[in-house]
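See structure below.
The values are calculated or read from the model by the stated rules, or taken from the named source; none is laboratory data. This structure is a prediction, so every number in the text was calculated from the model and none was measured. As a convention, Cβ positions derive from the backbone with ideal geometry for all residues, glycine included, and neighbour counts pool all protein chains shown.
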Amino acid sequence: MNRHSNVLTSTSKFLSLVLRHQPEVIGMQLDSEGWLPIDELIQNTNQHGRELTLELLHEVVASCAKKRFSLSEDGLMIRANQGHSVPNVELNLDCTSPPALLYHGTVAPFLESIRQQGLLKRSRNHVHLSADIETAKKVGARRGKPIILTVQAHTMHESGHAFYLSANGVWLTDSVPAAFIEFPE
Ligand code: HQG
């Protein structure tokens, strides 16, 4: 990796930290839908000793393959599309009817607990599911050898569970009861 791509990656990680988990590290608070004003974000970031320009921020947003961030229509605000742990952030996504099946990548040590409790959101505000197996594999591989769980999303939706589709294509729901999960043999 060259120096500039290192800067992009490190800035993306920093923006994920601020916009999903700990805006207080630069003395800020997300609004109720998770947005921060970009001018204040840049100012506070520089005041806390990290270099950030509008140009770099736009480049990170545009170059992020996972489209982690969105700008507001007027271009003045930024938020993370999913992955939050900050409490009381309501993304106000529309409830959407999910495809028949969705997938979740995890690892073997969690399986027994998932069989008993279903999928829980743990530190984040939602359980994260993907429409394709490849993405679920990558998510699971962050923790070890990935194990793919199949979620009967359509049936779950029919029985009253709400699903939301984030701006970057991640399916979100509150929890997945074990009855809707197919475990690999
Ligand atoms: C597991 C990344 C035991 C769950 C990814 C997962 C994703 C349980 C972990 C996004 C459990 C939570 C989210 C239960 C769930 N017992 N373990 N009852 N229920 N788990 O990181 O889905 O790169 O909060 O299987 O790509 O891994 O950050 O969620 O292993 O989209 O943009 O508890 O984060 O996106 O872990 O990943 P996480 P996740 P970014």
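Summary table below
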{"quantity": "Cβ pairs under 6 Å, 6+ apart, first in region 172-185 and under 16 Å from VAL127 (Cα atoms), second among the aliphatic types (A, V, I, L, M) and part of a loop (DSSP other than H, G, I, E, B)", "calculated": "SER175/LEU120"}
{"quantity": "Of residues in region 87-104 being hydroxyl-bearing (Ser, Thr, Tyr) and part of a loop (DSSP other than H, G, I, E, B), the one surrounded by the fewest Cβ atoms within 10 Å (Cβ to Cβ)", "calculated": "SER97"}
{"quantity": "Residue ID - farthest from ALA100 (Cα to Cα), chosen from residues in region 164-183 that are among the small types (Gly, Ala, Ser) and under 19 Å from the mean Cα position of the chain (by Cα)", "calculated": "ALA167"}
{"quantity": "Matching entry among HIS157, HIS84, HIS161 (being within 16 Å of the chain's Cα centre (by Cα), more than 9 Å from the ligand (Cβ to nearest atom) and not in a strand (DSSP E or B))", "calculated": "HIS84"}
{"quantity": "Selection from region 56-103 of residues that are over 13 Å from LEU172 (Cβ atoms) and among the β-branched types (Val, Ile, Thr)", "calculated": "VAL60, VAL61, ILE78, VAL86"}
{"quantity": "Selection count, region 102-122, where residues are among the polar types (S, T, N, Q), near the ligand (Cβ under 6 Å from one of its atoms) and in contact with a helix residue (DSSP H, G or I) (Cβ under 9 Å, 6 or more places away or on another chain)", "calculated": "2"}
{"quantity": "Looking only at region 115-140, and only at residues there that are closer than 21 Å to SER97 by Cα and of a type in the set (Ser, Thr, Tyr), the one that is surrounded by the most Cβ atoms within 10 Å (Cβ to Cβ)", "calculated": "SER130"}
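Listed here are the residues, each with its yes/no results for (1) loosely packed, with under 13 Cβ neighbours inside 10 Å; (2) at pLDDT 95 or above.
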| residue | (1), (2) |
| --- | --- |
| ARG142 | yes, yes |
| LYS145 | yes, yes |
| ILE148 | no, yes |
| MET156 | no, yes |
| ALA162 | no, yes |
| LEU172 | no, yes |
| ALA179 | yes, yes |
| GLU185 | yes, no |
